[in-house]
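Asker: The structure under discussion is supplied below as structure tokens; questions concerning it will follow.
The values are calculated or read from the model by the stated rules, or taken from the named source; none is laboratory data. These numbers were taken from a predicted model, which means no experiment stands behind them. Don't worry about glycine lacking a Cβ; one is built from the backbone with ideal geometry, like all the others, and counts go over all protein chains shown. The protein model used for the area step is the full one, side chains on, heavy atoms only, and it has no ligands, DNA or RNA in it. Shrake-Rupley method; radii C 1.70, N 1.55, O 1.52, S 1.80 Å.
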Amino acid sequence: MRLAALRDPAAPVAFLEAYEDAAVKPDAYWQERASGASRGSRVRQFVAEGPHGVWAGSVTVLVEEAGQDDAFGGVIERRQAHLVGVFVRAEHRGSGVTEALFEAAVAWAWSLEGLERVRLYVHEDNARAQAFYRRFGFVGSGVVVPVPGDPSAREYELVLERPSGPGGSDDAV
């Protein structure tokens with residue numbers, strides 16, 4: 001799945017890894033990575049399976065703790081989830097797969113105690129992804145960071161705050 005994602009036409013603005021670098025990694029690396037993220041409490045990968053067991057799409061949730069350094073040189077201010085590695089095969093786009101992946105990923109994030117928001121970064125030139133994230137409810141936080149390896153390009157942080165009410169952070173104790 002990751003190699004297919006890195007061959008997608010949007011890969012240069014969607015992923016921070018080159019196909020050539022990923023392709024040399026052995027199959028055992030990819031299997032261990034997927035296995036470790038299938039049941040973790042700090043990282044969890046969600047996969048949509050298509051006909052005949054082929055993976056149709058995937059998203060990974062990283063749990064970030066307050067006080068940790070983030071990938072862009074800042075410090076995490078509060079406990080949050082960070083969605084990364086979003087990919088849906090072209091033939092499954094527009095079919096509801098992306099929505100189902102995000103619903104599962106965000107529901108899992110909200111199930112974690114003390115987690116205040118979900119965030120992701122999107123490249124300034126990835127209009128298709130930006131449109132989906134906004135339709136799903138993500139809004140700009142105002143944080144803009146340079147793309148690692150290309151400081152002339154920018155990524156926008158989009159966030160989804162924990163809802164208040166039952167299950168939300170405003171519940172009475």
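Asker: Any chance you could look up the accessible area of SER95 with a 1.4 Å probe, heavy atoms only, rounded to 10 Å²?
Answerer: Only protein atoms counted, so the area is about 80 Å².
Asker: Take the solvent-accessible surface of the protein heavy atoms, probe 1.4 Å, and return the percent of it on segment 42-168 that carbon and sulfur atoms account for. Could you put the intermediate results ahead of the total?
Answerer: Working: 3340 of 6400 Å².
So the carbon and sulfur contribution to the accessible surface is 52 percent.
Asker: Please compute the per residue accessible area over segment 26-125 with all protein chains in place, 1.4 Å probe, rounded to a whole number of Å².
Answerer: Values: 5210 Å² over 100 residues.
Accessible area per residue: 52 Å².
Asker: Taking θ as phi - 60°, what are the ³J(HN,Hα) couplings along segment 59-67 by the Karplus curve (6.51, -1.76, 1.60), each to the nearest whole Hz, with x for Gly and Pro?
Answerer: Whole-Hz 3J(HN,Hα) from phi for segment 59-67: 8, 10, 10, 9, 8, 10, 9, 4, x.
Asker: Let me ask something else. What accessible surface, in Å², does a 1.4 Å probe find on ASP125, ignoring ligands, DNA and RNA and rounding to the nearest 10?
Answerer: It works out to around 110 Å².
Asker: Any chance you could look up the accessible area of VAL24 with a 1.4 Å probe, heavy atoms only, rounded to 10 Å²?
Answerer: 120 Å²
Asker: Next up: Students sometimes get this wrong: rank TYR156, TYR121 by accessible area, probe 1.4 Å, all chains present, largest first.
Answerer: Working: TYR156 60, TYR121 35 Å².
Listed by decreasing accessible area, they come as TYR156, TYR121.
Asker: So, R0 is 45 Å and r is the distance between the beta-carbons of ASP69 and SER95; what FRET efficiency does that work out to, to 0.05? Spell out each step's value before the answer.
Answerer: Numbers: r = 38 Å, r/R0 = 0.84.
Computed FRET efficiency for ASP69 and SER95 comes out at 0.75.
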